[in-house]
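Note sheet for the following structure.
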Amino acid sequence: MKRTGLKAMLAGLSLTVIAACGANEEATESPDNNADDNAANENNIEENNNNADDNENNEENDGETGPTQSPVADEDDLLDAVGEDGAWILTFEEDVSVDEELVLEGDQENDGEPARKVALYDQEDNTYELTAPSMTIMNENALIQGGTFIGDVYVEANDFTLNDATIDGNLYFADEEYEESAEIDGEVTGDTEVEE
């Protein structure tokens, strides 16, 4: 009995060694295949590099391929972030105050839909204040979330949302349609009205 088991084990081991050696011979028998594979890999690398260059060129004009967030730590960061070339989400790192009226505008998108988000909070649940004479919202699906905006907000687009945030000032809608599509789940200390 013991010899039969030993013979079976040796036969299995022999087959494994033969199969492994055969695979090695196939790999070494056709160096042309390796050369073809290397050439194909080089072409793929070059194509990927060209695509990366194209994407870099598109970032300047296309909200979909541009940066997804603009960190805001000071006035200069904020003024860059709110404009047409800013990211879809503005993430605050501290309180920011500016003397200029802000205009949130551009063709930014999130998940294929127009969107802008002013995130007045961070991942550690700290909230921040943004102070300006006013902010005009010209983006559809714009959202102010967390923290406090000190100043008046003018909404000139559909689907504005105030979520778990405060507007310490007035909230004006340029049209009844904009007011009806808005979702206010925060506090507005001043008036909320349509101002055409």
| query | With respect to Asp159, is the statement that it is at positive phi, assigned to a loop (DSSP other than H, G, I, E, B), at pLDDT 95 or above and not small (Gly, Ala, Ser) true? | reply | yes
| said: I'd like the residue in segment 119-136 that is among the hydroxyl-bearing types (Ser, Thr, Tyr) and crowded, with 18+ Cβ neighbours inside 10 Å and, out of all such residues, is farthest from the chain's Cα centre (by Cα). | reply: Thr136
| Yes/no for Glu195 being modelled with pLDDT under 95, over 26 Å from the mean Cα position of the chain (by Cα) and surrounded by fewer than 16 Cβ atoms within 10 Å (Cβ to Cβ) | yes
| request: Scan segment 97-116 for residues that are surrounded by fewer than 21 Cβ atoms within 10 Å (Cβ to Cβ) and among the aliphatic types (A, V, I, L, M) and report the count. | output: 3
| query | Of all residues in segment 155-176, which are surrounded by 21 or more Cβ atoms within 10 Å (Cβ to Cβ) and of a type in the set (Ser, Thr, Tyr)? | reply | Tyr172
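The values are calculated or read from the model by the stated rules, or taken from the named source; none is laboratory data. If you're wondering where the values come from, they're calculated on a predicted model, not measured in any experiment. Because the Cβ atoms are built from the backbone with ideal geometry, glycine has one as well, and the counts that use them run over all protein chains shown.
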